[in-house]
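Novice: Input: one structure, supplied below.
The values are calculated or read from the model by the stated rules, or taken from the named source; none is laboratory data. Keep in mind the model is a prediction, meaning the values are calculated, not measured. When we count neighbours, we look across all protein chains shown, and the Cβ atoms used for this are built from the backbone with ideal geometry, even at glycine. Each accessible area value is taken on the protein alone, full model and side chains, heavy atoms only, with ligands, DNA and RNA left out. Shrake-Rupley method; radii C 1.70, N 1.55, O 1.52, S 1.80 Å.
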Amino acid sequence: AKPTIFVITPTYARLVQKAELTRLSQTFLHVPQLHWIVVEDSPHKTPLVTDLLVKSGLTYTHLHMPTAKDRKLQESDPSWLKPRGVEQRNEGLRWLREDRRAQPGGDNQQGVVYFADDDNTYSLQIFEEMRSTQRVSVWPVGLVGGMKYERPVVEGGKVVRFHTGWRPSRPFPMDMAGFAVSLKLVLANPEACFDGDAPMGFLESSFLQGLVTMDELEPKADSCSKVLVWHTRTEKPKMKREEALQAQGLGSDR
Ligand code: UDP
Ligand code: MN
């Protein structure tokens with residue numbers, strides 16, 4: 001059997017949430033052997049996400065973990081001020097480790113873990129690329145870091161450095177969407193998680209540092225020459241007219 005891909009997605013309530021999750025779930029429907037771990041940034045599971053998952057046709061686990069108040073990005077904050085989705089990804093990892101321990105049989109360690117934000121764009125091919133991950137596999141990410149793409153640079157089949165516009169000296173100067181980790185490695189390192197206190201840009205490194213070295217990285221996507229995932233971001237919709245109607249008591253309630 002193909003190894004299962006466990007996709008961990010943090011998500012939070014906002015106007016575009018249902019649209020993002022609809023698009024994402026319909027991408028995942030095309031991927032065989034995928035288990036979606038959705039972690040809501042919320043003190044409870046919301047009806048919107050519950051209903052969407054029930055109707056999705058996917059194999060999923062629905063979790064929630066609110067971001068601590070002092071870590072939560074405020075409306076007025078620039079988006080880079082605080083890392084986003086940290087507690088949720090860690091909760092996904094916690095669930096996965098516990099769940100796998102409880103599974104009987106020898107293949108409970110087989111699988112791949114991928115962190116997929118709800119607003120990015122994923123080609124179907126990237127999932128087949130990552131499925132053969134032995135430890136940590138890597139590939140380019142499009143539209144990120146103020147560049148057309150960032151990517152690991154491969155020479156002689158090995159990653160030798162990173163093409164990035166910003167702090168290339170970081171241990172792993174890669175976006176969250178640019179790597180996958182084998183389940184075996186995640187289980188063998190029960191302490192590995194994302195450090196919300198890591199300096200800006202070091203979140204990915206905080207997780208990967210204890211798990212691999214650069215020369216162990218497995219380049220995918222044709223020696224990291226193809227962009228198969230994009231760090232797209234959805235514009236926040238303007239609600240000027242909605243608010244005007246609301247003021248007259250004529251607004252829509254959802
Ligand atoms: N997210 C979250 N809580 C928040 C903000 C973001 O759970 O308060 C999630 C979001 O749904 C996404 C991930 O964390 O899956 C990364 O957030 P975002 O896409 O806003 O980050 P960026 O694209 O700016 O890196
Ligand atoms: Mn995003």
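Novice: Can you name every residue in segment 144-156 that is modelled with pLDDT of 95 or more, open to solvent by 30 Å² or more (accessible area, probe 1.4 Å) and more than 17 Å from PRO171 (Cα to Cα)?
Specialist: Passing the criteria: MET147, LYS148, TYR149, GLU155, GLY156.
Novice: Cβ contacts < 6 Å: first residue in contact (Cβ under 8 Å) with a residue 60 or more places away in the chain, restricted to segment 222-245; second residue in a loop (DSSP other than H, G, I, E, B) and open to solvent by 70 Å² or more (accessible area, probe 1.4 Å), any location; separation 6+ or different chain. Result?
Specialist: PRO237/LEU15
Novice: Could you list all residues from segment 118-143 that are open to solvent by 10 Å² or more (accessible area, probe 1.4 Å) and part of a strand (DSSP E or B)?
Specialist: THR121, TYR122, LEU143
Novice: All but one of (1) under 16 Å from HIS35 (Cα atoms); (2) outside any helix (DSSP H, G or I) hold for SER79, so report the exception by its number.
Specialist: (1)
Novice: If you don't mind, another one. Taking the options GLY92, GLY85, GLY105, GLY111, name whichever one is closer than 26 Å to PRO190 by Cα, within 16 Å of ligand 2 (Cβ to nearest atom) and among the small types (Gly, Ala, Ser).
Specialist: Values: GLY92 fails: within 16 Å of ligand 2 (Cβ to nearest atom); GLY105 fails: within 16 Å of ligand 2 (Cβ to nearest atom); GLY111 fails: within 16 Å of ligand 2 (Cβ to nearest atom).
Result of the check over GLY92, GLY85, GLY105, GLY111: GLY85.
Novice: Being within 16 Å of ligand 2 (Cβ to nearest atom), at pLDDT 95 or above and among the aliphatic types (A, V, I, L, M) narrows it down to one of VAL54, VAL39, VAL31, so name that one.
Specialist: On the way: VAL54 fails: within 16 Å of ligand 2 (Cβ to nearest atom); VAL31 fails: within 16 Å of ligand 2 (Cβ to nearest atom).
Exactly one of VAL54, VAL39, VAL31 is within 16 Å of ligand 2 (Cβ to nearest atom), at pLDDT 95 or above and among the aliphatic types (A, V, I, L, M), namely VAL39.
Novice: Conditions: (1) away from ligand 2 (no atom under 16 Å from the Cβ); (2) more than 21 Å from the chain's Cα centre (by Cα). PRO237 meets all but one. Number of the miss?
Specialist: Evaluating PRO237 over (1) away from ligand 2 (no atom under 16 Å from the Cβ); (2) more than 21 Å from the chain's Cα centre (by Cα) leaves (1) as the failure.
Novice: Output the residues belonging to segment 147-176 that are in a loop (DSSP other than H, G, I, E, B) and away from ligand 2 (no atom under 16 Å from the Cβ). Give the derivation first.
Specialist: Going through segment 147-176, the residues in a loop (DSSP other than H, G, I, E, B) turn out to be 156-157, 164-175.
Passing the criteria: GLY156, GLY157, THR164, GLY165, TRP166, ARG167, PRO168, SER169, ARG170, PRO171, PHE172, PRO173.
Novice: Does GLN74 qualify as being outside any helix (DSSP H, G or I) and not acidic (Asp, Glu)?
Specialist: Numbers: outside any helix (DSSP H, G or I): yes; not acidic (Asp, Glu): yes.
So GLN74 passes the test.
Novice: So, TRP36, is that one within 23 Å of VAL16 (Cβ to Cβ), within 14 Å of ligand 1 (Cβ to nearest atom), open to solvent by 10 Å² or more (accessible area, probe 1.4 Å) and within 20 Å of the chain's Cα centre (by Cα) or not?
Specialist: no
Novice: Could you check, for segment 220-230, whether at least one of its residues is within 18 Å of ASP118 (Cα to Cα), open to solvent by 60 Å² or more (accessible area, probe 1.4 Å) and among the hydrophobic types (A, V, I, L, M, F, W, C)?
Specialist: Yes, the conditions are met somewhere in segment 220-230.
Novice: Looking at (1) surrounded by fewer than 12 Cβ atoms within 10 Å (Cβ to Cβ); (2) within 12 Å of ligand 1 (Cβ to nearest atom); (3) more than 17 Å from the chain's Cα centre (by Cα); (4) not aliphatic (A, V, I, L, M), which one does TRP80 not meet, given that it meets all the others?
Specialist: Answer for TRP80: the failing condition is (3).
Novice: While we're looking at this one, here's another question. Just wondering, is there one or more residues in segment 45-58 that are under 15 Å from the mean Cα position of the chain (by Cα) and open to solvent by less than 60 Å² (accessible area, probe 1.4 Å)?
Specialist: Filtering segment 45-58 down to residues under 15 Å from the mean Cα position of the chain (by Cα) leaves none.
So far as segment 45-58 goes, no, none of its residues is under 15 Å from the mean Cα position of the chain (by Cα) and open to solvent by less than 60 Å² (accessible area, probe 1.4 Å).
Novice: With respect to ASP197, is the statement that it is away from ligand 2 (no atom under 16 Å from the Cβ) and loosely packed, with under 12 Cβ neighbours inside 10 Å true? Quick ask: steps written out before the conclusion?
Specialist: Numbers: away from ligand 2 (no atom under 16 Å from the Cβ): yes; loosely packed, with under 12 Cβ neighbours inside 10 Å: yes.
Against the criterion (away from ligand 2 (no atom under 16 Å from the Cβ) and loosely packed, with under 12 Cβ neighbours inside 10 Å), ASP197 qualifies.
Novice: Follow-up. State all residues of segment 39-71 that are in a helix (DSSP H, G or I) and more than 10 Å from ligand 1 (Cβ to nearest atom); if no residue qualifies, say none.
Specialist: First pass over segment 39-71, keeping only residues in a helix (DSSP H, G or I): 47-56, 69-71.
Across segment 39-71, the qualifying residues are PRO47, LEU48, VAL49, THR50, ASP51, LEU52, LEU53, VAL54, LYS55, SER56, LYS69, ASP70.
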